[in-house]
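Colleague: Below you will find the structure I want to go over with you.
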Amino acid sequence: MEFTKEKTASIQFWVLNISSFIAQLTIAMVNLAMVYHLKAFFGLTADKIGIATSISTATYLVFCIAGASYCTNFRPRNLVEISLAGMAVSVAVFVSATNLAVAYVSLAFYGAFMSLLWPQIEGWFSRGKEGRELNHVTNAFNFSWSFGVGFSSFVAGILVERSTTLPFYTALVLFGFVFLVIYLSSVLVPGIRSVASEKTERQQSQLKDNSTILRYYCWIGLIIVYSGMSLILTIFPLYAKEVLKISESTTGLLLLIRGVTTCFSFMALGLTGFWQFHKRYIFLTQILFSILCLAAVKIESISGYAVFFFLFGIVFAAGYDQSMFHGVSGCLNRSERMIVHEVLLTVGTIFGAVFGGYIYERFSFQTVLLLFGVIAGSVVFLEMAVALVLQRKQSVEQA
């Protein structure tokens, strides 16, 4: 079969998006099931669960940083395949562990192998793309993984009600399937198989770096919205079960609302460009996050949380998309820049799980929301002050 450049690009587009959907569905399902399994099997409290779930996040962070320059020497498909195989083995060890120390070690390896996945996929699909084309591929990717997260919440809730181990065995099958999708597409499509390492790609390119300074504001926003996401995925399920007294499947349905909203928000952002390269939309997203957390302090009903998750899904999508688009726009070192993106969202995830779990265990979920809202509002105020100072300095220099 003959593969034209356009056909190869189309196949690669669908392979990466389908793989991203299933991989993120699997990872999110494992992460949510982990909360219930650590509670039911090992009897951990909320603050200890927050620490345990942050083990894989912490090693993900460490190995993203440690491997930033080293990974550019390898083809992205090879690193993705290693990542999938390693995560599958780690999950198998975790679900079979009867000793908490073994479970912790498996979580550490799980995060380490995951560090080879997302930066490589994100750098892979964005290579050589700018403007409208970059917006198209980034939002297709964002829709894929976010739909996986949203769908996984509902699936995990149903599986956990039957057994806390069932989601992990399902994950092994799904990781194996994604591995085969990447491997077979590489074997069958020469254009995908020949994708070079990023180091080789940069050496062959004559382009100059034109990165935007707006990425720094977006990265701060990414930490903020991911702290909220971590709070929702690790602390809220415990609060829903212990205080609201609702089932795991109902919690999964609430999380599905957030996921579906995020998916459609990514679609809307992909069709528009008004938000690109404007500070006001970056700051507005962070202000809305703060307001949303403060308003949620008064929520006491399931319907109220359904509205909260709906609105959070929109704010989260905006914050994530701003970081990804402005992070790689004009950049030559795409996978390294995406490692920065992944490192910062990981920082937000750890902060949300550990700090949120600590405050929840000692006070209440409402206190956690209040503190997150106040912190986010204070941070965006400082950002706006810095932006104003820089703008005035620039005006003086140009005068």
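The values are calculated or read from the model by the stated rules, or taken from the named source; none is laboratory data. Since the structure is predicted, the reported quantities are computational estimates derived from the model, not experimental observations. No Cβ is skipped: glycine too gets one built from the backbone with ideal geometry, and neighbour counts run over all protein chains shown. Ligands, DNA and RNA are stripped out before the accessible areas are found, and what is left, the full protein with its side chains, is counted by its heavy atoms. Shrake-Rupley method; radii C 1.70, N 1.55, O 1.52, S 1.80 Å.
Yes/no per residue for (1) under 18 Å from M229 (Cα atoms); (2) modelled with pLDDT under 95; (3) hydrophobic (A, V, I, L, M, F, W, C):
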| site | (1), (2), (3) |
| --- | --- |
| F277 | no, yes, yes |
| F289 | yes, no, yes |
| Q322 | yes, yes, no |
| T346 | yes, yes, no |
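Colleague: Search segment 16-43 for residues being over 19 Å from the mean Cα position of the chain (by Cα) and of a type in the set (A, V, I, L, M), and hand back the single one that is surrounded by the most Cβ atoms within 10 Å (Cβ to Cβ).
Modeller: Our first condition is that a residue be over 19 Å from the mean Cα position of the chain (by Cα); within segment 16-43, this holds for 36-43.
Filter once more, keeping what is of a type in the set (A, V, I, L, M): 38, 40.
Numbers: L38: 21, A40: 13.
Of everything passing the filter in segment 16-43, L38 is surrounded by the most Cβ atoms within 10 Å (Cβ to Cβ).
Colleague: Just to be sure before I move on: is I257 among the aliphatic types (A, V, I, L, M), open to solvent by less than 10 Å² (accessible area, probe 1.4 Å) and under 29 Å from V379 (Cα atoms) in the structure I sent? Working first, answer last.
Modeller: Numbers: among the aliphatic types (A, V, I, L, M): yes; open to solvent by less than 10 Å² (accessible area, probe 1.4 Å): no; under 29 Å from V379 (Cα atoms): yes.
It is false that I257 is among the aliphatic types (A, V, I, L, M), open to solvent by less than 10 Å² (accessible area, probe 1.4 Å) and under 29 Å from V379 (Cα atoms).
Colleague: If I filter segment 118-138 for residues that are at pLDDT 85 or above and either in contact with a Cys (Cβ under 6 Å, 6 or more places away or on another chain) or surrounded by fewer than 19 Cβ atoms within 10 Å (Cβ to Cβ) (or both), do I get at least one hit?
Modeller: Scanning segment 118-138 turns up no residue that is at pLDDT 85 or above and either in contact with a Cys (Cβ under 6 Å, 6 or more places away or on another chain) or surrounded by fewer than 19 Cβ atoms within 10 Å (Cβ to Cβ) (or both).
Colleague: Are any residues in segment 275-305 in contact with a Phe, Trp or Tyr (Cβ under 7 Å, 6 or more places away or on another chain) and open to solvent by 60 Å² or more (accessible area, probe 1.4 Å), and if so, which ones?
Modeller: Of everything in segment 275-305, those that are in contact with a Phe, Trp or Tyr (Cβ under 7 Å, 6 or more places away or on another chain) and open to solvent by 60 Å² or more (accessible area, probe 1.4 Å) turn out to be K279, Y281.
Colleague: In the set G373, G330, which member is under 26 Å from I257 (Cα atoms) and open to solvent by less than 40 Å² (accessible area, probe 1.4 Å)?
Modeller: Details: G330 fails: under 26 Å from I257 (Cα atoms).
Only one candidate qualifies: G373.
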